[in-house]
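Trainee: Questions regarding the structure given below will be posed in turn.
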Amino acid sequence: MQNSNLINCEPLKSLVRTVPDFPKPGILFYDITTLLKDKTGFAQLIDAFAAYYIGKDIDLVLGIEARGFIFGPALAYRLNAGFVPVRKPKKLPAKTARVSYDLEYGTDSLEIHLDAIQPGERVVIVDDLLATGGTMQATVQLVRQMGGVIAGLGFAVELDFLKGRAKFPEYDVLSLLHYDE
Ligand SMILES: O=P(O)(O)OC[C@H]1O[C@H](OP(=O)(O)OP(=O)(O)O)[C@H](O)[C@@H]1O
Ligand SMILES: Nc1ncnc2[nH]cnc12
């Protein structure tokens, strides 16, 4: 369920560019760089995320490499929360937990520092886009292993037709822009 603090971002959809056959034949790629470079587009997305999560006692915002790093730190700043990067393998210097997952166009792994989350801390995980949900599911697994409390999963874009949301029935999933095909 999405709450009454949800700002309508649907007009921003016209700023997202679609690129056929990237990064592989048959994939229609939803490119947010055209929205990010708009003078008010990025601010409106961050305002919408912040309006939704302010007052929910969030300790940490987690951003998933790479495009979650665009939204996560800006949101953490607005929430007076910390920011934690969830990274592709072998990038983090201290001890990590790792999980592997399937993507719309391949497979990959993610890591988080073992001391990044204290048990009971309230966490929002953000990424640019929800497709199959594999990336977010892997990150959820890492947070749960570490004893974090998942207060929300936030996406700028959701590809509704891939039904990734169905992987998260027990969580509050916020997506600002929706695509049916
Ligand atoms: O819901 P899913 O099917 O898991 O797909 C969504 C993920 O795919 C993209 O990242 P990608 O793995 O392409 O990495 P990048 O951000 O480094 O480009 C996107 O930024 C999400 O993280
Ligand atoms: N179709 C798509 N467009 C942009 N990012 C993606 N990540 C996974 N699938 C994607």
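Trainee: Please identify, among L92, L75, L129, the residue showing maximal mean-square fluctuation in a Gaussian network model of the chain using a 10 angstrom Cα cutoff.
Mentor: L92
Trainee: I want to verify the translational diffusion coefficient of the stretch 56-179 in µm²/s; compute it with Stokes-Einstein, Rh as the Kirkwood radius over Cα pairs, at 37 °C and 0.692 mPa s.
Mentor: Estimated via Stokes-Einstein, D reaches 230 µm²/s.
Trainee: State in Å² the accessible area per residue of the stretch 56-179; use a 1.4 Å probe, count heavy atoms of protein chains only, and round to the nearest integer.
Mentor: With the other protein chains kept in place, the stretch 56-179 gives 43 Å² per residue.
Trainee: In whole angstrom, and with the biggest value first, how far do the Cα coordinates of the stretch 1-117 range along each principal axis?
Mentor: For the stretch 1-117, the Cα spread along each principal axis is 43, 42, 28 Å.
Trainee: A further question on this structure: For the chain, what proportion of DSSP beta bridges, expressed in % and rounded to the nearest 5, is antiparallel?
Mentor: Taking every DSSP beta bridge within the chain, about 35 percent pair in antiparallel fashion.
Trainee: Tell me, what is the percent relative contact order of the chain, built from C-alpha pairs under 8 Å that lie six or more residues apart?
Mentor: 19 percent
Trainee: Order the peptides 24-36, 147-159, 164-176 from the highest to the lowest mean number of other Cβ atoms within 10 Å of their residues.
Mentor: Highest to lowest by the protection proxy: 147-159, 164-176, 24-36.
Trainee: Could I ask something else about it? Are there DSSP H segments in the chain that both extend 15 Å or more along their axis (alpha-carbon positions) and score a mean Kyte-Doolittle hydropathy of at least 0.5? List them, or say none.
Mentor: Helices meeting the criterion: 41-53, 68-79.
Trainee: Continuing with this model, one more query. DSSP loop trypsin sites (Lys or Arg not before Pro) in the stretch 1-106 with at most 16 other Cβ atoms within 10 Å of their Cβ, which ones?
Mentor: K37, K39, K56, K90, K91, K95
Trainee: For the stretch 161-181 and the stretch 1-57, compute the distance between their C-alpha centroids and round to whole Å.
Mentor: Using only Cα atoms, the two centres lie 13 Å from each other.
The values are calculated or read from the model by the stated rules, or taken from the named source; none is laboratory data. Computed from a prediction, not measured in an experiment: that's the story for all the values here. As a convention, Cβ positions derive from the backbone with ideal geometry for all residues, glycine included, and neighbour counts pool all protein chains shown. Calculation scope for accessible area: heavy atoms of the full protein, side chains included, ligands and nucleic acids excluded. Shrake-Rupley method; radii C 1.70, N 1.55, O 1.52, S 1.80 Å.
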